[in-house]
Protein chains: 2
Amino acid sequence: MTCTPLSSFDPAADAAHAAPFWAVSTPPTRARLLQALALELEQHRDPLVALAHEETHLGLVRLHGELDRTCFQLRAFADFVLAGRLHAVEQDGAVDGPPPSGRPQMARVLVPLGPVAMFAASNFPFAFSVLGGDTASALAAGCPVVVRAHPAHLRLSRAVFHLVQQVLHEQQLPSGLVGLVDGASVEHGVALVQHPAIQAVAFTGSTRGGLALQGLAAQRAVPIPFFGELGSVNPLVVLPTAFSAQPSEVLAAQLAASVALGMGQFCTRPGVVVLVDSDASRHFIAELARQLAAAPMHPMLTPAIAKAYLSAVQALRSAAGVNVLVEPAPERMGALLATVKADDFVAQGDLRHEVFGPAVLIVVCNDDSALVPVLESMAGALVATLWGAEGDSPLARQLVAAATARAGRVLFAGVPTGVAVTRAQQHGGPWPSSTQPASTSVGLHACERFLRPVVYQSAPAWLLAGLPT
Amino acid sequence: MTCTPLSSFDPAADAAHAAPFWAVSTPPTRARLLQALALELEQHRDPLVALAHEETHLGLVRLHGELDRTCFQLRAFADFVLAGRLHAVEQDGAVDGPPPSGRPQMARVLVPLGPVAMFAASNFPFAFSVLGGDTASALAAGCPVVVRAHPAHLRLSRAVFHLVQQVLHEQQLPSGLVGLVDGASVEHGVALVQHPAIQAVAFTGSTRGGLALQGLAAQRAVPIPFFGELGSVNPLVVLPTAFSAQPSEVLAAQLAASVALGMGQFCTRPGVVVLVDSDASRHFIAELARQLAAAPMHPMLTPAIAKAYLSAVQALRSAAGVNVLVEPAPERMGALLATVKADDFVAQGDLRHEVFGPAVLIVVCNDDSALVPVLESMAGALVATLWGAEGDSPLARQLVAAATARAGRVLFAGVPTGVAVTRAQQHGGPWPSSTQPASTSVGLHACERFLRPVVYQSAPAWLLAGLPT
């Protein structure tokens, strides 16, 4: 397929026109936009959340929380830009004498890449959509954004986009700073990635879709970076000491809520729980089964996602050594809970594929010594959780090392769903959880995806004087 | 091709065995190794430089300088590691209350990726080879390295590798920390990139070779990052004011030396000079022709490189509107100097392909207004040079903007050959000069290629206590 315009309507070209202006915009200008966008979302909170619920079924409480997070995120990036972090200049003074110790004056700045194509996710209609973290971080970094709307919440995307355009108009900013591609077909996304004006892609979605788009980004006449958050089976390892620190009912309730939240349609949902067989762990499993069977359920994001979930459940329940405790019934969509012995889990790679939905597989180890090998059998993940590692021990250290080697975030208390938007956050781990594990799509480092360094060597005084101090 | 071992001899597997130890090594341990490697090179300076000259013909003076730079670089990374920059922890304290403003405690660290495959370049037998910047930055970052030796200086590579092994032995470090693959065939490089133990690739070489290896890295069962420095046609724009600031003879002598240095076989050599027609610029061109015709020449790195150079010269001289002033003769390998008018240059994309050798094409503009469009017709480059931009003017600002948009380094005085190893250096620009323009292969930021962030959330006291402060 060649680089054809998306139609006579061409938001990527509009973004390219807006790019030079936005690249040299000041921190106050960028912050003012981000803050106004947050305010606009809040001022239209009720109708937006209602529309989001209508399209996604994710529930009003959760969606209000997601809108809060999205506004918090926009303001966090505004504060970050105002603090001058993105505009910092790294200077090496000149040193007299011949090289290598002698050197000219060097001033390193970060410059924006240009228009970013952003592929919205189905499961976060606010936080990973039109005004989500990718858009906020790209705008903060000085890049226009063209959002590929997710078909699962198209009306909400258009409503939010309409608000964005109002704010841009009010602030007399180019309308091309944020564009929307909302055509239903795959070709619209393909044309966006192939559009010569696009300089980077941020994607959150399936491994299959992400791989295809990544290939297109690499095969362009001018290849561009592709930041994809793909699939992740997030392990949760329960050390035996966890059960002495907290009642197993409490732990089971926490985990069940995390697995069932939003019908399990979250990238940080724990997918595999690894524990050691004991009275306490058996009680924990029974309690988890009870809680998951009773957990409130709602329709999944799309019929296709529901179908894929049921087919993954079917595959899992027919795998060798898998013992099903809770499963969806024909008349009632619901959670899956199953157990498998450590040896059977390690032997079957298929058990380590992501199931997108409220499913959790418990891997039961005969003793402590199997915990590390089970964790080491797993691929890269967004987050690994270790319960019961509060005390220093050789086992705790081995588990931290194994978790560090295969996750972007390692969590020691609570559940992995719910990703805090902080400066130090890391949401992106080794393959397949992320195509660029050195990057993050949540937290203030997310801006770095859309910047590249340029060093000015022996720059004239007028240029140095114009750089931020 | 499947992931077959390189042979019974498997340096990537050895690197994988050494990786966990090196990943947790302390700054003093890493610095001691880097410093000892620098000392070892210096202590064997004369025979190593003699051998390098024998294999590459690059000249003793230049090769001594390159060895100096290589040792300086190893020590700079040692100092960087000792200063704790790579081991810094970014902490967000816990904040009470519900999310999004409430948050758990977060501690972000950088962890090494694991074994790095490093493809040596033909043209820097020290600085981009066995102990070059890629190896120094990977070792500093905590990653073992497997060097793919360049066939153009195989004996030197083996000699340096032998010294490395002696130092590793003396310091009782695993021999797998630095490996060497020196088989002559392409398949050895392919097998290295496909080896499951390899976690990242650093490559300096041709666009064709780099693209092929990048494809292999992306198609692995577990894809890995590929940091390639490929081709670059580095523009040098001469504003008319440059000729009033310095005599054109001086400028011509500087440029001729930069173009002819090492038979022009350097990635930062200026390939296209853009200037405005005037008496001064005509004098400059005539002087440049005189200097280039008289510049000392020597055999190129390999017969294949010489053949490719002559064939590129032939293509250039037959392009429309190209006027050849200096060219290699059948009996004497030498520089190429040609001029072309701005319109003819912009119209012919073939004139903007890299010629690897002592070639420079002068683009002559009728007036100032053509300088920016000519620069904007060019692709991404490692370095863009602007002569005569000392004074603030709209034209200078436009040229800085155009240069910033397409280069990793923008230079305002002197010549682009010779890359200072400093903290702020940036050696990597937009496509095709680099496959990852946010990364650098020279300067202290080079370590970042081989690290990824991991955040510990609500980490136990014993873990936080073990992190560097």
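In table form, for the structure just shown:
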{"item": "Where B:L6 falls short, out of the listed (1) modelled with pLDDT of 95 or more; (2) of a type in the set (A, V, I, L, M); (3) over 25 Å from the mean Cα position of the chain (by Cα)", "result": "(1)"}
{"item": "Test: A:L361 is of a type outside the set (S, T, N, Q), within 30 Å of B:L464 (Cβ to Cβ) and within 23 Å of the chain's Cα centre (by Cα)", "result": "no"}
{"item": "Answer residue from region A:87-113, given it is surrounded by fewer than 23 Cβ atoms within 10 Å (Cβ to Cβ) and within 30 Å of A:A149 (Cβ to Cβ) and is farthest from the other protein chains (Cβ to nearest Cβ) among those", "result": "A:L110"}
{"item": "Selection count, region B:269-286, where residues are in a loop (DSSP other than H, G, I, E, B) and farther than 27 Å from B:A407 by Cα", "result": "1"}
{"item": "Every residue from region A:39-70 that is within 14 Å of chain B (Cβ to nearest Cβ) and either of a type in the set (S, T, N, Q) or farther than 19 Å from A:A149 by Cα (or both)", "result": "A:E42, A:V61, A:R62, A:H64, A:G65, A:D68, A:R69, A:T70"}
{"item": "Qualifying residue in region B:164-177 (condition: at pLDDT 95 or above, surrounded by 24 or more Cβ atoms within 10 Å (Cβ to Cβ) and under 21 Å from the mean Cα position of the chain (by Cα))", "result": "no"}
{"item": "B:L316, sole failed condition from (1) surrounded by fewer than 20 Cβ atoms within 10 Å (Cβ to Cβ); (2) without any contact (Cβ under 8 Å) to a residue 60 or more places away in the chain", "result": "(1)"}
{"item": "One residue from B:L351, B:L361 being surrounded by 21 or more Cβ atoms within 10 Å (Cβ to Cβ) and part of a helix (DSSP H, G or I)", "result": "B:L351"}
{"item": "Of residues in region B:283-307 being small (G, A, S) and farther than 9 Å from B:A256 by Cα, the one surrounded by the fewest Cβ atoms within 10 Å (Cβ to Cβ)", "result": "B:A304"}
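The values are calculated or read from the model by the stated rules, or taken from the named source; none is laboratory data. What you see is a predicted model; the values in this text were computed from it and never measured. Glycine gets a Cβ as well: all are built from the backbone with ideal geometry, and neighbour counts include every protein chain shown.
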